[in-house]
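First the structure, in the form of structure tokens, and then the observations on it.
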Amino acid sequence: MTSTAPASVRPPRRDGPGGNGPDRDGAAPGADGTAEDGTAEDETGKNGAARPGRWRGAVAATRPFSIKTKLNTLVVVSVLITTGLVIVAFRTETQLRIITVFSIIASMLLTQLIAHSLTAPLREMTAASRAMANGDYSRRVRAGRRDELGDLAVAFNRMAADLEAVDRHRKELVANVSHELRTPIAALRAVLENVVDGVCEPDSETLRTALGQTERLGRLVEHLLDLSRLDNGVVPLNARPFEVWPYLSAVLRTAQMDAMAAGSRSRTDVHLHLAVSPSGLTACADTERLHQVVSNLIDNAVKHSPPGGRVTVSARPGAAPLSLELEVLDEGPGIPKAEHDRIFDRFNRGSAPSQKGKSGDGGTGLGLAIARWAVDLHGGRIRVVESPRGCRIRVSLPGRGRLRS
């Protein structure tokens with residue numbers, strides 16, 4: 001892997017498809033919560049979580065009858081029925097005890113009717129809660145009411161859906177981690193068993209193979225720890241202004257040295273190219289977290305580059321002060337449009353073939369997931385944009401004013 005940097009910084013292209021100009025969708029999302037096309041964003045966030053304030057307002061707007069109103073209506077109707085029966089009694093000279101009996105019966109019927117309408121959904125939620133306590137997160141309750149119980153049913157179903165998604169994700173994570181751990185451990189065990197049984201000599205090539213599997217296992221554990229810290233919110237964000245050109249140059253040099261140290265286990269035939277415009281560009285971000293983003297994007301691009309290919313890392317200022325638009329472009333087979341969102345999922349390697357060669361190490365499938373989480377930590381955005389050749393991944397960081405605390 002070689003790293004090159006142009007003597008004169010190239011200005012970003014803005015006149016062609018897949019160029020370095022703005023997305024076809026327009027500017028980045030604004031602070032008013034609108035999407036790029038000017039429409040309001042969905043009521044769920046990036047991970048499907050509800051936005052409580054907007055959701056409560058939408059539900060409240062469709063609730064014309066509250067439980068308090070129904071109870072007040074019950075009292076008023078009972079009084080009106082009793083008054084009507086008393087008037088009938090006086091006009092027909094009916095005995096008062098008969099009127100009293102009819103009044104009590106009518107009030108009890110109305111009370112039972114309203115009580116059933118209030119307790120039936122609660123009993124349904126109780127049964128669904130017991131089923132969820134036993135591990136059945138597919139249970140839902142009817143949510144067609146237009147009162148507080150209807151709001152509760154909607155919230156209950158949302159909670160059940162979130163729990164079902166978390167449970168499914170947990171099972172997938174355990175299965176994927178088990179598979180990923182089993183592969184290098186099995187390979188390492190096979191190598192050591194061959195050495196112990198005398199099938200092969202403990203020469204340098206055998207030891208390098210064992211070392212490669214050990215390093216792969218170490219990378220997987222390190223990535224899982226990074227994701228665990230990000231999930232638990234224990235990763236502090238230490239954002240500060242920095243000069244982009246020397247910073248990215250150092251990241252590319254580190255990637256080159258890592259590839260040379262890995263030897264035959266890494267691609268060394270891919271050229272890295274850096275383009276920053278303007279050359280004195282300054283941005284604000286957590287440089288350690290940003291290093292994770294850039295290094296994982298470069299690693300992914302190198303793996304899918306053809307022999308003698310080129311990976312271009314470009315940077316330019318964003319719309320806000322100290323904001324940054326960063327792109328990594330490779331010359332590989334690209335990513336199908338249907339997979340543009342899924343490639344940032346954990347353990348997703350996509351359908352594009354890796355060019356790793358004989359090693360067959362296509363990575364852990366966690367690098368792009370870590371990159372997305374680090375970008376989200378900044379309040380930024382990472383996505384795949386259209387490119388006439390290869391894969392172009394764009395990272396937008398908001399600058400100092402919009403960084404998440």
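Quick note: the coordinates plus some simple rules give every number you see, no bench work behind them. Here the structure is a predicted model, which means the values were calculated and not measured. Virtual Cβ from ideal backbone geometry, glycine too; neighbours counted across all protein chains shown.
Points worth noting:
- Dipole of the range 65-145, positive end: most advanced residue of THR83, PHE102, ASN134 [Cβ charges, Cα centre]: ASN134
- In order along the range 293-310, the Karplus-derived 3J(HN,Hα) couplings, from 6.51 cos²θ - 1.76 cosθ + 1.60 at θ = phi - 60°, round to 4, 5, 5, 5, 5, 5, 4, 5, 5, 5, 4, 9, 7, x, x, x, x, 9 Hz, and Gly and Pro are given as x.
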